Structure formats: structure tokens, C-alpha cells
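Sharing a structure here in C-alpha cells format.
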Amino acid sequence: ALAAMVCALRARGDPRFPVAFAVLVAGFASRAPAHGRFYRDPIALPTLHVVGDADAVIAAPLSMELARCFVEPVVLAHPGGHFIPAAAAQKKAYLEFLERFRPERGQAEPPGVGEV
């Protein structure tokens with residue numbers, strides 16, 4: 001939940017969070033009433049959402065609800081539970097998503113990269 005809120009702040013221009021993308025595994029939206037403001041507007045930050053169909057800790061519908069808060073989210077669903085899947089198909093999906101952010105592909109570095 002915290003990572004998604006950081007994404008929302010960054011997408012709205014908050015300079016404290018120099019992230020260019022996020023991978024959210026078993027993500028969910030905070031239910032705290034004070035946090036509702038983070039999800040009101042679509043979050044325009046590239047994200048990969050990893051969702052376990054049999055996750056008994058963070059149910060898949062909660063992760064899908066969070067994914068819908070983002071603009072063009074990439075969703076990687078797997079049949080397992082509350083873990084990061086590492087089979088060949090999932091590794092391929094991770095690499096395809098991350099490839100978009102390699103500096104040599106022309107993607108600008110996120111603000112703050114290389115700063116001390």
C-alpha cells in the first residue's frame with residue numbers, strides 16, 4: 001500500500017520520490033480514510049502488478065482493484081499464492097517490463113539518479 005501511495009505522489013510531481021516506474025507484488029490500496037486522496041485520480045506512472053490468484057494474504061481482487069487505479073498498468077497474474085513467481089514465463093514478463101526503462105533505450109533517467 002505504501003509503495004502505491006509513493007507512486008501517486010510521484011505522479012503528481014512530488015520531487016521527494018524520484019521513481020520512474022514500480023513493480024507492485026501483492027499490492028493493495030490502503031483502506032484508511034485519510035489515504036483515499038491517493039487513489040482519487042488515475043496514477044500516471046508505469047507499473048507492473050504481480051497478482052497471485054491463490055494469494056491468501058492479499059486476495060487477487062484487492063491487487064486488481066489497485067491496478068485499476070493506474071494508467072495502463074501491466075498485470076502479471078499467476079496461479080500461485082503470496083510469493084514472487086520465478087518461472088520462465090514470469091521472468092520473461094519482468095524483463096519485458098523492465099526493458100522499457102534501460103537508459104540506452106532512450107528512456108530518460110528518473111530525477112535524482114546518480115545524486116548523492
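If one computes the Cα centroid of the stretch 75-95 and of the stretch 19-56, what distance in Å separates the two points?
17 Å
Convex hull over the Cα atoms of the chain, averaged projected area in nm²?
8.0 nm²
Would you tally the net charge around P79, using a Cβ to Cβ cut-off of less than 15 Å, leaving P79 out, and scoring K and R as +1, D and E as -1?
-2
At 1.4 Å probe radius, can you tell me the per residue accessible area of the chain in Å²?
60 Å²
Another question, if that's okay. Only Lys, Arg, Asp and Glu count, each charged at its Cβ (+1, +1, -1, -1), so figure out the dipole size of the chain about its Cα centre, rounded to 20 debye.
Charge dipole of the chain: 180 debye, to the nearest 20.
With θ set to phi - 60° and the Karplus curve 6.51 cos²θ - 1.76 cosθ + 1.60, what are the ³J(HN,Hα) couplings of the stretch 82-92 in order, to the nearest whole Hz, using x for Gly and Pro?
8, 7, 8, x, 9, 6, 3, 5, 5, 4, 4
A further question follows. Before anything else, pin down the relative contact order of the stretch 1-100: Cα pairs under 8 Å, at least 6 apart, normalised by residue count, whole percent.
Averaging sequence separation for qualifying contacts and normalising by length gives 25 percent for the stretch 1-100.
Counting only protein heavy atoms, what percent of the accessible surface of the stretch 1-100 is carbon or sulfur at a 1.4 Å probe?
65 percent
Next up: Based on DSSP H runs of at least 4 residues, each adding -39500 (n - 2.57), what is the mean residue ellipticity at 222 nm of the chain after dividing by all its residues, to the nearest 500 deg cm²/dmol?
Calculated mean residue ellipticity at 222 nm is -7500 deg cm²/dmol.
The values are calculated or read from the model by the stated rules, or taken from the named source; none is laboratory data. All figures in this text were calculated on a predicted structure; none of them were measured in a lab. Positions of Cβ are backbone-derived with ideal geometry, glycine not excepted, and every protein chain shown enters the neighbour counts. Surface areas here come from the heavy atoms of the whole protein model, side chains and all, with no ligands, DNA or RNA. Shrake-Rupley method; radii C 1.70, N 1.55, O 1.52, S 1.80 Å.
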